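Below is one structure, written out as structure tokens, with a few remarks after it.
FYI, it's all coordinate maths here, none of it is from the lab. Keep in mind that this is a model prediction, so the values were computed, not measured. Cβ coordinates were reconstructed from backbone atoms using ideal geometry, including for glycine residues, and neighbour counts include every protein chain displayed.
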Amino acid sequence: MEHLPDGTWSLVCEIPSPTNDRRRAISIWLDEKRVPSLEFGAWHTHADLWDSNPELSLRRMFDYLERIARGEIVLAESPTVGDGMPFRVIDRSDREELLDELTSPLVSRYMKLLSWSGAEDAVLDDLRDEPA
């Protein structure tokens, strides 16, 4: 339980990365509005954004959590927010998304992609020839 500045409470479950890198931690929380939320690095989402049906939205959010744990969804090392926390995620299985990253003049092809476990870490340019 976490006591929030506005006097309300939030139930928080933190799942540290096996790498011990706090930037890769996963958090799941439930606040006073009873909307489950998921955080990976500094990126986060709320279950009610996935679908208007509460059961389906929660299921979709937890499916996404499983994809994070498997290394299919990774953190883009840059840009970051305070304390160097990455806040953008990339779906490694989405070839269009990878192509957008690889061809963007604003993104370094040497940008590191950080997986939760560390086992699927990569450099963006290394994914150029990865099979679809």
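At a glance:
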{"item": "Label-point separation, residue 69 to residue 97 (7 Å along Cα→Cβ), nm", "result": "1.9 nm"}
{"item": "Simple spin-label estimate for residue 110 and residue 31 in nanometres, 7 Å along Cα-Cβ", "result": "3.9 nm"}
{"item": "The chain, relative contact order in percent, only Cα pairs under 8 angstrom and at least six apart counted", "result": "18 percent"}
{"item": "The chain: angle of helix 54-70 to the longest principal axis, Cα-based, in degrees nearest 10", "result": "40 degrees"}
{"item": "Rh by Kirkwood over Cα pairs, then Stokes-Einstein D for the stretch 2-127 at 1.002 mPa s and 20 °C, µm²/s", "result": "139 µm²/s"}
{"item": "Residues in the stretch 84-105 that a label on residue 125 would reach, taking backbone N under 15 Å of a point 7 Å out along Cα→Cβ", "result": "102-105"}
{"item": "Difference of contour (0.36 nm per residue) and Cα-Cα distance, residue 42 to residue 55", "result": "2.2 nm"}
{"item": "Sparse-neighbourhood loop sites, trypsin sites (Lys or Arg not before Pro) in the stretch 31-80 - DSSP loop, at most 12 other Cβ within 10 angstrom", "result": "33, 34"}
{"item": "Highest-fluctuation residue, 120, 72, 97 considered, GNM on the chain with Cα pairs under 10 Å", "result": "97"}
{"item": "Charge dipole magnitude, Cβ of K and R +1, D and E -1 - the chain, Cα centre, debye nearest 20", "result": "160 debye"}
{"item": "Surrounding net charge for residue 110, when Lys and Arg each add one and Asp and Glu each subtract one, Cβ distance under 15 Å", "result": "-2"}
